[in-house]
1. Order these peptides, 96-107, 145-156, 114-125, by their mean beta-carbon neighbour count within 10 angstrom, highest first.
2. Simple spin-label model, 7 Å along Cα-to-Cβ: Ser17 to Thr119 in nm?
3. Using the basic label-point model (7 angstrom from Cα toward the beta carbon), what is the Ala109 to Lys36 distance in nanometres?
4. Helix-derived [θ] at 222 nm for the chain: sum -39500 (n - 2.57) over DSSP H runs of at least 4, divide by residue count, nearest 500?
5. Using the Cβ atoms and a cut-off under 11 Å, what net charge is assigned to the surroundings of Gly116, where Lys and Arg are +1 and Asp and Glu are -1?
6. Please compute the length gained on full extension between Asn149 and Glu136, using 0.36 nm multiplied by the number of residues separating them and subtracting their Cα-Cα distance.
7. Skipping prolines and chain starts, which residues have an amide H placed within reach, meaning under 5 Å, of the one on Asn59, given they are 5 or more residues away or on another chain?
8. Would you calculate the separation in nanometres between label points at Val100 and Ser70, each defined as 7 Å from the Cα along the Cα-to-beta-carbon direction?
Amino acid sequence: MAIPTLPTFSAGEILTSSVMNDVSTLGNYQGLFHIKTQTVGSGVSSVTVTGAFSSDFENYLIVDSGGTSSVDGPYRLTFGASAAFYYWALIYASFLGGAVNNSAGNAQASWDFAGGSATRNGLIEVNNPFLATNTEIRSRVRYGTVYGNNVGIHAVSSSFTSFTLTAGAGTMTGGTIRVYGYRKSL
């Protein structure tokens, strides 16, 4: 299926509501919508991203890239000021081979293994952080020779608009954290 091309408008052109609301003109554009970019400072132990979640979206993608960490290891995620009831199950293995391993967290103070690496990387999917219900979380983890996937929930029925990424050890420098919302169907 071909992705439709957006129409081109000229400067000064009057855009009527019928043109802007016409799905056949603009297409049913679903997918990711950029919400916010947060620059990471130098030598910080954590980064808080405010204004990340709202009623506009139910599901989000958080991408951390381009920075470095002073320690090659995982980092943690928390929502707002909530420091309880994070449940997770991590499946991981080493690039060097060996057994597939697992780890779990039961009612922890943070979502551990949200991402990691000396050259920071992280992909975190979040479902329903703004709704006053449990928030589902999935993250990709890589540090050292370890690669894995982490799934679970934050079992607190509260609405959150912000989150914090915290280094498991050491500090973070540079890079960006981008937040995207998955568009709802028209």
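1. Listed from highest to lowest mean packing, they are 114-125, 145-156, 96-107.
2. Between Ser17 and Thr119, the label points sit 5.1 nm apart.
3. 2.4 nm
4. -1000 deg cm²/dmol
5. Charge balance near Gly116 sits at +1.
6. Values: separation 13, 0.36 × 13 = 4.68 nm, distance 1.37 nm.
In short, 3.3 nm is gained.
7. Asn128, Tyr182
8. For Val100 paired with Ser70, the spin-label model returns 3.7 nm.
Bear in mind these aren't lab numbers, they're just calculated from the coordinates by the rules spelled out. No experiment lies behind these values; they were computed from the predicted model shown. Ideal geometry is used to build each Cβ from the backbone, glycine not excepted, and the neighbour counts take in all protein chains shown.
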